[in-house]
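The values are calculated or read from the model by the stated rules, or taken from the named source; none is laboratory data. Remember, predicted model here, so these are calculated numbers, not experimental data. Cβ coordinates were reconstructed from backbone atoms using ideal geometry, including for glycine residues, and neighbour counts include every protein chain displayed. Please note that ligands, DNA and RNA were not included when accessible areas were found on the heavy atoms of the full protein model with its side chains. Shrake-Rupley method; radii C 1.70, N 1.55, O 1.52, S 1.80 Å.
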Protein chains: 2
Amino acid sequence: MIVELVSTGTELLLGQIVNTNAPFLAAQLNELGFSVLYQTTVGDNRERMKNVLRTALARADIVITSGGLGPTQGDITKEVTASLLNKSMYFHEPSAERIQRYFAERRICMSDNNLRQAMMPEGAKIIDNTCGTAPGVIVEDQTSGKIIINLPGPPHELSAMFETSIMPYLKNQFGIQGAIVSRVLRTYGLGESALEEKIKKYILSQSNPTLALLARNGEIHVRITARAASEIDALQLITELEGQIRPLINEYIFGIDDETLEKSVSKLLLEKELTIALAESCTGGLVTSRITDVPGSSRYLIGSVICYSNEVKVAHVGVSAEIIASNGAVSQETAESMAKGIKEKYCTSIGIGITGIAGPDGATADKPVGLVYIAIEGPAGRVCYQHYFNGNRTDVKHRTALAALNHLRHYLRTI
Amino acid sequence: MIVELVSTGTELLLGQIVNTNAPFLAAQLNELGFSVLYQTTVGDNRERMKNVLRTALARADIVITSGGLGPTQGDITKEVTASLLNKSMYFHEPSAERIQRYFAERRICMSDNNLRQAMMPEGAKIIDNTCGTAPGVIVEDQTSGKIIINLPGPPHELSAMFETSIMPYLKNQFGIQGAIVSRVLRTYGLGESALEEKIKKYILSQSNPTLALLARNGEIHVRITARAASEIDALQLITELEGQIRPLINEYIFGIDDETLEKSVSKLLLEKELTIALAESCTGGLVTSRITDVPGSSRYLIGSVICYSNEVKVAHVGVSAEIIASNGAVSQETAESMAKGIKEKYCTSIGIGITGIAGPDGATADKPVGLVYIAIEGPAGRVCYQHYFNGNRTDVKHRTALAALNHLRHYLRTI
């Protein structure tokens, strides 16, 4: 079955917002086995929208629109859909009541034009909106057997409505039996092509489950998607394939699905009942900030010092002035002394020291922008890593944070 | 003149990447006075791409494609363009040489298929790619007077090629005289509709310059765009309108164009020759990290303590244990004591203390998730602000960081 996505809205045509609804719907529909062959964006203009919908209906079996279900005169998607399929509009009492209730519960005064949102194409299935006022609509064209689905534009409303109502409808309508399940293996430390090389055999040979690699903010995600009669069977297929590829890339996998590097570090720290403190220089607090993105991180993070000046490194982290004088603030010796110093001052099981040159200034002949030292001191002894990172100041900070969290993860696994 | 943007690529159809080329091109073209009425995405399939381009050419004067100029067999955009306009392809020697040079300079071995990128539609204008290998192409159809422009898919290649070559071509081709200049006034602290209300009169009455409001990560940007015979004249128009709206919203404007809150704070700290240190609890280092995103921040940021535990607040920031015991760690008194303590310990002109409940745990009956205190101690005395922020843990951290930077900006302006 061929699907066309039609996104509506002037903000999209003016380039004021990025369209995230289309990739969300495309990914979901592809997993269900539909082919999304076209995506079109058009403004809130009756004639142009009607022509775009007509073209879409000619080349696709299912057309899914987003946007234009709001209360204003510019919101015309349902009307244009009805007009194209020669259906009239009628006032849908239950939707009107639901919209009135929505406002009453929030003690907001409803303006009359909100009731426009209860006008529906004759014969349409009405889909409740659990996150907002605009209902969605499914219109089946009896003559052609084709379907137009109107979804609201706000991404959280659209995604909730798709998952709770549209996906079950499509599965039922097209006899999509069983389950489609995905699992993401999140990796760090190996580039996309090197990772692909290692598991190439499985990427090429697999049709169920399928394997896909996606680069995401310095991580590479390996996505395994399986279809089977039941969720249990699909999970079984995923687990089998995971068992085959894990031995090839296991050291790079840090988490499953939504498990970030900081979450995998969190699990290890809690499991081993360890506490931590950091002395951050070039990262300016970014690593500690990521660690504290995890709820409950106060159970293992005691505190950190952002020691931007040498005085703070000496007075508040316990680095000796001689170490800085003889090796420089950006050196293995200083990083190690920072890790040791913060561990002692903050009485933690583990201390981390990070020093480097984030740029654009501060480089010398033998110490370029991007040079970073990351030291860890703890129950498994002392380690220090030297890196040369590319990119601008915020890139270097971001890459250092990822590397530091990953070094910590490896360190914790040895304890 | 009507423009249609055609984005090509399987990754877009599968929903694996978000399309940022379309909004970039749409924004630029709208500023030039073109109407971008349609945006279409299609995969690397000859027949479907040809049909999409045919439809586009029927309803638009200019069609701009992105993607499909690479070296692989799947890269077919130029061939399909040529085929649609009944043009043959030929080998463009200068492009081949430039591509060979590109690889030689980087000491990378070039595979033969890279020379496919030098195959060009007969009669096309060839556009050099300053950031990559694939040249761009402008094909003018003599019979219809319409134009197809093929641009590379990687966003940095596309934007560079558009700005250096395509924009001048379009201005020249369509006699777009003079200059179009934009200025963004970045604001914080007032919602989009409240801000709109204040300058509504100017939004509605203006056609040149135009005024647009854009919400961006908790900031609202007021974009002023003027067209005039010369850049100086356009700037004059902008300055006049800015002079009229500034008095209405001046307290909310923190920067111009790419000036972030941390950059505006940086300018004030340097100008007034002040130094700063922070004691961050619920933000976990995020505020200091943002401050250190600015190059040269080591000139005023001495250091910070991320005092996640009460022990660190007492031992390393100088908060008295009694203050915490009698008021709680999340209280005005503790925030003020943190600001005063870090200022003294780190010998700076200004100290900032931030404490709050980021959630999801930690709330009590009278202290909900999202309650945050931000205190500043310095030459202009002591201030403390109480906030109730919405959202999840990272939302609360992000909103606290924006608020803290903005409070600091206001504080510095009074010194």
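Accessible area per residue (1.4 Å probe, heavy atoms of protein chains only) ranks B:Phe91, B:Phe254 as B:Phe91, B:Phe254, with the largest value leading. DSSP bridge analysis restricted to the stretch B:2-173 gives an antiparallel fraction near 35%, rounded to the nearest 5.
Accessible area per residue for the protein assembly as shown, computed on protein heavy atoms with a 1.4 Å probe, is 42 Å².
Tell me, what is the Rg over Rh of the stretch A:2-173, with Rh the Kirkwood radius over Cα pairs?
Values: Rg = 15.1 Å, Rh = 16.1 Å.
Ratio of gyration radius to Kirkwood radius: 0.94.
When the surface is traced with a 1.4 Å probe over the full set of protein chains, B:Arg393 keeps roughly 30 Å² accessible.
What net charge do the residues around A:Leu115 carry, taking every other residue with its C-beta under 14 Å from that of A:Leu115, with Lys and Arg at +1 and Asp and Glu at -1? Walk me through the intermediate numbers first.
Working: positive: A:Lys78, A:Arg98, A:Arg101, A:Arg116; negative: A:Asp75, A:Glu93, A:Glu97, A:Asp112.
Taking every Cβ under 14 Å from that of A:Leu115, the sum is 0.
All other residues whose Cβ lies under 15 angstrom from that of B:Gly341 are scored, Lys and Arg at +1 and Asp and Glu at -1, for a net of -2. Modelled label positions at B:Ala160 and B:Thr130, each set 7 Å beyond Cα in the direction of Cβ, lie 0.8 nm from each other. Distances from B:Gln332 to itself in the other copies, using label points 7 Å out along the Cα-Cβ axis, amount to 5.4 nm in increasing order.
Helices assigned as whole DSSP H runs in chain B whose Cα atoms extend at least 24 Å along their own long axis and whose mean Kyte-Doolittle hydropathy is 1.6 or higher are not found.
Normalising the average separation of contacting C-alpha pairs (under 8 angstrom, six or more residues apart) by the number of residues puts the relative contact order of the stretch B:261-413 at 25 percent.
What does the convex hull of the alpha-carbon atoms of chain A project to on average, in nm²?
Numbers: hull surface 102.9 nm².
Spelled out: convex hull of the Cα atoms, projected over all directions, averaged, 25.7 nm².
A Gaussian network model of chain B, with springs between Cα atoms under 10 Å, assigns the largest mean-square fluctuation among B:Thr143, B:Thr20, B:Thr77 to B:Thr143.
The listed residues A:Ile323, A:Ile249, once ranked by accessible area (1.4 Å probe) with the largest placed first, stand as A:Ile323, A:Ile249. A simple spin-label model places the labels of A:Ser111 and A:Asp395 4.7 nm from each other, with each point 7 Å out along Cα-to-Cβ.
In nanometres and ascending order, the distances from the A:Glu47 label point to those of the other copies are 3.3 (point 7 Å from Cα along Cα→Cβ). Relative to one another, the C-alpha centroids of the stretch A:81-105 and the stretch B:248-294 are positioned 48 Å apart.
Based on the Cβ-Cβ distance of B:Ile2 and B:Leu235, what FRET efficiency does E = 1/(1 + (r/R0)^6) give at R0 = 30 Å, to the nearest 0.05? Present the calculation step by step, with values, prior to reporting the outcome.
Details: r = 29 Å, r/R0 = 0.98.
Efficiency for this residue pair is about 0.55.
Against the criterion of solvent-accessible heavy-atom surface with a 1.4 angstrom probe, B:Asp293, A:Asp141 sort, most first, into B:Asp293, A:Asp141.
With all protein chains in place and a 1.4 Å probe, the accessible surface of the stretch B:261-413 carries 48 percent carbon and sulfur. Scanning chain B for the beta carbon that comes closest to the axis linking it by rotation to A yields B:Gly285, 1, distance in whole angstrom.
Extension gain, B:Glu122-B:Tyr169: 0.36 nm per intervening residue step, less the Cα-Cα distance, totals 15.0 nm.
At 4 °C and 1.567 mPa s, grab the translational diffusion coefficient of the stretch A:179-256 from Stokes-Einstein with a Kirkwood Rh over Cα pairs, rounded to a whole number in µm² per second. Intermediate values should be presented prior to the final figure.
Working: Rh = 12.5 Å.
Rounded to a whole number, D works out at 104 µm²/s.
Annotation: A:Arg290 carries an accessible surface of approximately 40 Å², with a 1.4 Å probe and no ligand, DNA or RNA atoms counted. Each principal axis of the Cα cloud of the protein assembly as shown was taken in turn, and the coordinate range along them, longest first, works out to 77, 66, 66 Å.
Once Rg and the Kirkwood radius are both taken over the C-alpha atoms of the stretch B:137-281, their ratio Rg/Rh works out to 1.09. In chain B, the calculated helix contribution to ellipticity at 222 nm averages -11500 deg cm²/dmol per residue, counting -39,500 (n - 2.57) for every DSSP H run with n ≥ 4. Determine the distance separating the Cα centre of the stretch A:351-383 from the Cα centre of the stretch B:396-410; give it in Å without decimals. After rounding, the separation between the Cα centres reads 29 Å. Counting only residues at least eight positions apart within a chain, or on another chain, there are no lysines with an alpha carbon under 16 Å from that of B:Lys198.
The heavy atoms of A:Ser111 offer some 60 square angstrom of accessible surface to a 1.4 angstrom probe. Sorted from closest to farthest, the other copies place their B:Gly74 label points 3.7 nm away, with each point set 7 Å from Cα along Cα→Cβ. Here the stretch B:2-173 is assigned +1 on the Cβ of each Lys and Arg and -1 on the Cβ of each Asp and Glu. Its dipole about the Cα centre then comes out at about 140 debye.
For the stretch B:2-173, carbon and sulfur atoms together expose 50% of the accessible surface, with a 1.4 angstrom probe and every protein chain in place. Among the listed pairs A:Lys200/B:Lys125; A:Lys263/B:Lys343; A:Lys201/B:Lys50; A:Lys263/A:Lys345; A:Lys397/B:Lys367, a Cα-Cα separation exceeding 31 Å is found for A:Lys200/B:Lys125; A:Lys263/B:Lys343; A:Lys201/B:Lys50; A:Lys397/B:Lys367. If you take all other residues with their beta carbon under 11 Å from the beta carbon of A:Gln16, and give Lys and Arg +1 and Asp and Glu -1, the sum is +1.
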